[in-house]
Amino acid sequence: MPALRHSLGVVASDLPLTVPGVWHADALGAGQLQVQSTGYGPLDAQLPGGGWPVGALSEVLQPLAGLHEWQLVLPALVQATAPRSGAVVVVAPPCEPFGPALQAQGLSVERLCVVRADAAAALWAAEQALRCREVLAVMAWLPQVQPAALRRLQLAAAQQRQLLWVFRPASAAAQASPALLRLQVQGMAMPGGVCTVPGMQVHILKRRGPPLAQGLDLPGCHPRLAQVLAAQAGRRRAAQVDAGSTLVAGRLAAAAKASGALPMRPSLELLVPLGAGPEGRAHALDRAAIALVR
Amino acid sequence: MHWIALPLPWCDEASAPPAGAVHTAAAGWWALRFTPRVALVDAEAVLLEVSTTERLWGGREVLLAQVLQAWAWAGASARGSAPPAAQVAGECGPVGEGTAAGAQPTGVPVIWGSGPTALVAQARLRVALAGQALPAQGPLSLPLHTLTALRPHVASLERMGCRTWGALRALPRAGVSRRFGAAVLRVLDQALGDAPEAHAWLELPEQFVLTGELPALAESADALLWSASRCLTALQGWLQARQQGVLGLELAWRHDLRRIDGVTIAPTQALQVRTAQATQDMGHLRRLLSENLARTTLAAPVNQITLRLLEAAPLPHRSASLLPPDHLGGADPAGAQGEALHQLLERLSARLGEDHVQAPVLQADHRPECMQQWRPAAEVLRVTAAASKHAAARNASVSVANTALDAAPDALLLPTWLLNPPRRLAVQGNRPCHHGLLRLLAGPHRFEAGWWSAAGEGAGPAPGEGALALRDYFVAHNDVAGLVWVFRERLAPVPSVSDGPPVAVRPHRWFLHGVFG
């Protein structure tokens, strides 16, 4: 194995380094690719050129539609739409994009245009949007698209140099695809007892470069939300510790026994005041929680 | 004075009685872009007086080449996508390869005539159309039959050995005037430039309404499009001469039958097409019409269509740049390839329906489902385009409005997907389920809003818009569903119950309202 690597190194050093369209198999192929940074350092480092390819198809595979799209794509969209004018066309999304949240994260809502369509019409609409010069990016949810149709989209995106994401179910991973970049995204399982901030794991299925064995861990939600979740988790742990030592623990345990056979952690009990609980306690908890969320 | 005479692009179809006149008038509209002095003579030729404008177009030869090309286009688009000019010449007579048959840029010969007076130009056109060689000497050697006013007298003049304009002019004027009438001499003088000419100049109507008889009964809406595109060509000429762009257009058609199976049919039916920006792009209008017509079914066969311009706006010509166009700045949007956004939105709306192509409009409200409204995207674009015009004058108000919307303190904690209406979740024990049991991570975040819009009844089948919203929102999670935004509906407090917990009767209902995707 070391011998093989050595010979490869020898061969590689013989090659001229700047042949357009040719890259070493053990390096990322950058070439003249125009890219848009993803906004995530670890992901940028693993993508050829350091970002989403502009004017090419990026395919994102997910176990369940609607889980991590905006989280993955939004930083790049915000960066791409900030300097230039142009629309972002969302074709056949799984549910409504929520404008206030997108606006708060930096994507101007006036740029957004949503096309609701069935499968065939969605493909047509995506292709038409790619032919428009005032469209900066297209996000399309095409669960049952044929590779030939993807190829058409890829060519259309290359004409006007737009960002194009196609979201498909994870079951499509085995199919061939003309996409320049294929990613698989899934949420990371949170270990039951310890409450961490949920993340997402990105596997690069296809790129111009060597295959990537292990996935990349990226944050699964906005940092502000992560902060709130972490703060609430910390508060809950503190309450747990308190509960062990004070009289409240006894009251809570009694209440839990009384409420039924359902095994419920005291933390959850604290968090979700039952309707039947004493008024004073529920009120105090609500106030604390609201302050926290703010 | 320099005149150019061209045959009417579709002079062979001017036979339809009432609509023919309209069509013939429209046949000359394309020429108005070159010069304001355009006349139609004898329903067979278009005459252009170009001496005043030829310098603007870069000289006589350049202007002539452009006129011929425009004529070929007008003829081609008038008959669908037929190749230009070859058929026209074939129908009007054998094609003469004489001096007047110039080679048009596409290689198809176009017949034209030119001369210092209108009658000379027309005469040369007639000679060329007849396939004869033009006489080498000036207009004096043109044959007599090329002047319309002399045609009744050609036979008698020929018996006198008088065949050309020059020969007629050489005859004593008093005798000619006595025998053939003063009109003959007047026309001859006009033709030779000795007397002033008077023309009925072609003028554009104030309102564009064009009615066309269909060549055959149209059974399907698609068949209408073929005829409509001919009207669109005429419309283009009208718009170019008036320097206007289309904002609204109506295509009406008249049904051939009054009743089918005893059901009375309206005599006419109409279809309106509107665009966000004034346009002269007939390709875009044609696509819009075809998308709309594809969804229309005709009640009965159609024998006549009318194209009416509903609304137009001045469309000033772009000033040509002094510098060559560069591809770096993209400062020239109309020069770039690809269509504009409003064209895309109109076309998508035309095929998919207005309510399927939408854009969000943010509202100041506390209820998540009321924070944004979905409006047809074409309409929103129209509004924002108008707003941006005003903003150019004073951009303070827009920025104020934006900051007001940005000011929501916890907007960063809202989910990026919204389920509207909220989806009811199953409950196990006291915990909501969505792809398995959900764990509540943060909350509750209490909402109590909407009391101003409706009086109570928050306990419908699903909490609808406009109702009083009493909810506690939680951020919940499980491994399959990811981070979701759920709420537990609180029931409105019942004032009459005095003792005991009032809401213990019914279990709480949980709803899924958003996904942090």
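Here, each number is a calculation from the coordinates, and none is a lab measurement. The structure displayed is predicted, hence computed values, not measured ones. A quick note on method: Cβ atoms are made from the backbone with ideal geometry, for glycine too, and the neighbour counts reach across all protein chains shown.
Of note:
- By other beta-carbon atoms within 10 Å, ranking B:Thr297, B:Thr146, B:Thr35 with the fewest at the front produces B:Thr297, B:Thr35, B:Thr146.
- The string of couplings for the range B:352-359 from the Karplus curve (6.51, -1.76, 1.60, θ = phi - 60°) is 8, x, 4, 7, 9, 10, 10, 9 Hz, one whole number per residue in order, with x for Gly and Pro.
- Counted by neighbouring Cβ atoms within 10 Å, the residues B:Glu206, B:Glu489, B:Glu354 run from fewest to most as B:Glu206, B:Glu354, B:Glu489.
- The modelled label-to-label distance between A:Arg224 and B:Ser177, using points 7 Å beyond Cα along the C-beta direction, is 9.7 nm.
- Taking 7 Å steps out from each Cα toward its Cβ at B:Glu61 and A:Ala176 produces label points 5.7 nm apart.
- Cα gyration tensor, the range B:105-235 - rounded (a/c under 1.5), prolate or oblate: prolate
- Extended-chain gain in nm, criterion 0.36 nm per residue less alpha-carbon gap, B:Gln69 and B:Phe447: 129.1 nm
- Note on B:Leu310 and B:Val383: with the Förster distance fixed at 22 Å, the Cβ-Cβ geometry gives a FRET efficiency of about 0.65.
- Backbone amide hydrogens, once placed in the peptide plane, bring B:Ala359 within less than 5 Å of A:Val114, B:Arg375, B:Ala377, excluding anything fewer than 5 places away on its chain.
- For B:Thr52 and B:Ala167, the FRET efficiency from 1/(1 + (r/R0)^6), where r spans their Cβ atoms and R0 equals 30 Å, is about 0.35.
- Taking amide H as placed 1.01 Å from N in the peptide plane, B:Leu298 has its amide H under 5 Å from the amide H of B:Ala221, each at least 5 places away in sequence or on another chain.
- In this structure, B:Glu354 and B:Thr297 have a Cβ-Cβ separation that, at R0 = 25 Å, corresponds to a calculated FRET efficiency of about 0.85.
- Distant-in-sequence amide H partners of B:Asp256 (H built 1.01 Å from N, under 5 Å): B:Val302, B:Asn303
- Here the label points at B:Val480 and B:Arg423, each 7 Å from Cα along the C-beta direction, are separated by 1.1 nm in the simple model.
- Each of B:His366, B:His342 was scored by other Cβ atoms within 10 Å of its Cβ. Listed from fewest to most, they are B:His366, B:His342.
- Under the combined filter of DSSP loop state and at most 12 neighbouring Cβ atoms within 10 Å, the range A:27-123 retains these trypsin sites (Lys or Arg not before Pro): A:Arg84.
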